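Structure, as structure tokens:
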Amino acid sequence: MASSNNGVSENGKGLIVSFGEMLIDFVPTVSGVSLAEAPGFLKAPGGAPANVAIAVTRLGGKAAFVGKLGDDEFGHMLAGILRDNGVSTQGINFDQGARTALAFVTLKADGEREFMFYRNPSADMLLRPDELNLELIKSAKVFHYGSISLIVEPCRSAHMKAMEAAKDAGALLSYDPNLRLPLWPSEDEAREQILSIWDKADVIKVSDVELVFLTKNDKIDDASAMSLWHPNLKLLLVTLGENGCRYYTKNFHGSVDAFHVKAVDTTGAGDSFVGALLTKIVDDQSIIEDEARLKEVLTFANACGAITTTKKGAIPALPTETEVLSLVRGA
């Protein structure tokens with residue numbers, strides 16, 4: 001049996017630890033209406049880092065989630081959803097004083113979203129460095145995180161400590177800023193804090209919207225993307241929605257086309273893409289240096305993202321390997 005401290009489980013899958021927030025999205029029962037006009041809402045578990053963890057296990061990988069939930073019915077429901085999906089919950093803490101975060105999401109007619117958050121403060125913001133399960137974090141082969149955990153203390157310090165512990169233990173650091181402007185005090189603060197940990201990551205994924213925001217440049221081209229390059233980076237990805245994605249490494253760059261599907265709800269598509277990528281590289285990071293193999297992995301990741309947009313909600317829509325392969329082979 002493989003030892004438990006090197007991130008490799010019995011089936012040879014390295015552990016992917018995802019750090020940050022998990023919350024409940026309340027999604028209108030009717031698309032294309034404002035929150036005020038919505039006749040009712042369905043609760044949909046979400047939060048980008050949690051979505052990534054479930055995306056990994058749905059594809060047969062091994063994942064754990066690290067974060068804090070409210071010691072309330074919603075918090076325990078979310079922990080149960082992680083467990084039901086095969087995600088380790090050993091890194092979860094429950095806060096007796098604060099509620100689990102909520103977000104009301106409007107689905108516009110094209111499947112794009114607007115958010116209204118209830119976090120004042122929510123449990124995820126109150127994770128302290130001393131509450132971290134460092135043993136679990138140090139066993140990660142890949143440590144994945146966003147930027148929402150950087151907004152306020154004490155969660156920011158917990159994020160920094162977890163990231164350093166994972167890095168020191170040899171993990172690949174994966175960063176998806178997952179910009180949610182309404183949660184930040186200002187645009188400048190968001191940009192500054194998101195970039196404050198930029199040079200720590202080995203793999204970074206940004207959307208086209210995030211690229212424009214971070215560079216303050218409306219052009220979505222190679223020069224703009226490469227302005228975000230840093231010397232320790234191994235792979236930079238720019239996702240372009242229905243236009244696929246672009247990839248940049250030290251030695252090559254290029255693009256991979258998207259799969260065209262009827263999008264109902266784009267929630268979780270980026271998380272699905274990231275989960276697929278990490279699942280495919282966790283046991284063999286040399287893929288990042290081999291363009292042909294990387295393009296194959298990104299094609300698979302694009303298919304994952306595409307399938308996720310065809311159903312409402314993030315977690316129910318995350319695909320299995322079989323579903324992804326049938327889309328890839330049918331293309």
Failed item, numbered, when Lys311 is tested on (1) in contact with a Leu (Cβ under 8 Å, 6 or more places away or on another chain); (2) surrounded by fewer than 24 Cβ atoms within 10 Å (Cβ to Cβ) = (1)
Please find, among Phe94, Phe65, Phe26, the residue that is part of a strand (DSSP E or B) and closer than 26 Å to Thr279 by Cβ.
-> Phe65
Of the residues that make up region 99-120, is at least one modelled with pLDDT of 95 or more and farther than 15 Å from Leu183 by Cβ?
-> yes
Selection from region 132-149 of residues that are open to solvent by less than 40 Å² (accessible area, probe 1.4 Å) and either among the charged types (D, E, K, R) or under 19 Å from the mean Cα position of the chain (by Cα) (or both) = Leu136, Ile137, Ala140, Val142, Phe143, His144, Tyr145, Gly146, Ser147, Ile148, Ser149
Some residue of region 109-122 being buried (at least 21 other Cβ atoms within 10 Å of the Cβ), more than 23 Å from Ala317 (Cβ to Cβ) and of a type in the set (Ser, Thr, Tyr) = yes
Only one of these conditions is not met by Val152: (1) closer than 18 Å to Ala48 by Cα; (2) over 18 Å from the mean Cα position of the chain (by Cα); (3) crowded, with 18+ Cβ neighbours inside 10 Å; (4) not basic (Lys, Arg). Which number is it?
-> (3)
Pair list, Cβ < 8 Å and 6+ apart or interchain, from region 35-50 residues that are surrounded by 14 or more Cβ atoms within 10 Å (Cβ to Cβ) and polar (S, T, N, Q) to residues that are at pLDDT 95 or above and not in a loop (DSSP other than H, G, I, E, B) | none
All-but-one check, Thr89 against (1) assigned to a helix (DSSP H, G or I); (2) free of Cβ contacts under 8 Å to residues at least 60 places away in the same chain; (3) out of contact with any strand residue (DSSP E or B) (no Cβ under 6 Å at 6 or more places or on another chain); (4) surrounded by 16 or more Cβ atoms within 10 Å (Cβ to Cβ), failing number (1)
Residue hits (region 152-167; within 21 Å of Asp202 (Cβ to Cβ) and of a type in the set (Gly, Ala, Ser)) are Ala158, Ala162, Ala165, Ala166
Considering only region 181-216, state which residues are more than 18 Å from the chain's Cα centre (by Cα), of a type in the set (Ser, Thr, Tyr) and not in a loop (DSSP other than H, G, I, E, B).
-> Ser196, Thr215
Can you spot a residue in region 60-82 that is among the aromatic types (Phe, Trp, Tyr), surrounded by 17 or more Cβ atoms within 10 Å (Cβ to Cβ) and within 30 Å of Lys280 (Cα to Cα)?
-> yes
Per-region count, region 217-226, residues closer than 17 Å to Leu179 by Cβ, open to solvent by 50 Å² or more (accessible area, probe 1.4 Å) and within 23 Å of the chain's Cα centre (by Cα) | 1
How about region 100-180: which strands (runs of 3 or more DSSP E) wholly inside it have at least 2 residues that are closer than 20 Å to Gln193 by Cα and either in contact with a strand residue (DSSP E or B) (Cβ under 6 Å, 6 or more places away or on another chain) or of a type in the set (D, E, K, R) (or both)?
-> 142-145, 172-175
Region 252-276: number of residues that are at pLDDT below 95, among the polar types (S, T, N, Q) and either within 28 Å of Glu291 (Cβ to Cβ) or open to solvent by 20 Å² or more (accessible area, probe 1.4 Å) (or both) = 1
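The values are calculated or read from the model by the stated rules, or taken from the named source; none is laboratory data. Keep in mind that what you see is a predicted model, and the values were worked out from it rather than measured. Virtual Cβ from ideal backbone geometry, glycine too; neighbours counted across all protein chains shown. The protein model used for the area step is the full one, side chains on, heavy atoms only, and it has no ligands, DNA or RNA in it. Shrake-Rupley method; radii C 1.70, N 1.55, O 1.52, S 1.80 Å.
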